[in-house]
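J.: Dropping the structure in here first, questions after.
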Amino acid sequence: MRRTMAWLLAFGMASAAGAAEPAKVGSSLAPRTLEDQYGEAHSLDESVRIVVFHRDMQAGDLLKAALADTSGEQLAELGVAYLADIAGMPRLVARLFALPAMRRRAYPMWLDRDGTQTADLPSQPGRVTVLRLELLKVTAVEFLEAAPELRAALGLEAPGEAPGAAER
């Protein structure tokens, strides 16, 4: 009986996640709270101006490369929240390998461990989703596949580039 109830609950959660309509320009995101790779809670609220998001490893690697020399303080100053749906990752792999690697990064990664918190976020395989927000209302949606594009979208200089170097 308990096993049947657990399956029904899991199926219901998966169905609800799959039924969520992807956010688009003009829609509003609901506030939500996710834990980062250290277990600290972060809230998606009206202070967030840009959400970067991915569901797969290829897009995660792209975002890792784009943020290689970026600190959590820089992202906070820019109003950037980094969300990652890791629901598809086996728990053992996450615990033994992925989370320790994530903890070496200098910025928080807000992790959706079951896929429900990010079910309404649009995504494309191998690309990082960039949502621009004004008071949680989506003003732009981009799907980027190159680190320089991502850095530019976030207002970061290219690695090793001094501010204003592009103007010379």
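Rule-based calculations on the coordinates, nothing more; no lab input. On a predicted model such as this, the values are computed, not experimentally measured, just so you know. Glycine also receives a Cβ, built like all others from the backbone with ideal geometry; neighbour counts cover every protein chain displayed.
J.: Which residue, chosen from A65, A98, G126, occupies the Cα position most advanced towards the positive end of the dipole of region 33-152, where the dipole is computed from +1 (Lys, Arg) and -1 (Asp, Glu) charges on Cβ about the Cα centre?
T.: Working it through, the farthest residue towards the positive pole turns out to be A98.
J.: Hey, fewest Cβ within 10 Å first, where do R32, R151 land in order?
T.: R32, R151
J.: Tell me, what is the FRET efficiency for S71 and R113 to the nearest 0.05, using R0 = 35 angstrom and their Cβ-Cβ distance as r?
T.: On the way: r = 24 Å, r/R0 = 0.70.
In this case the efficiency is close to 0.90.
J.: Something else about it: Give me the number: length gained by fully extending A30 to D120, i.e. 0.36 nm times residue separation minus the C-alpha to C-alpha distance, one decimal in nm.
T.: Working: separation 90, 0.36 × 90 = 32.40 nm, distance 0.94 nm.
Length gained between A30 and D120: 31.5 nm.
J.: About the Cα centre of region 33-152, what is the dipole size in debye to 20, counting +1 per Lys and Arg Cβ and -1 per Asp and Glu Cβ, all else neutral?
T.: Taking the Cα centre of region 33-152 as origin, the dipole is about 360 debye.
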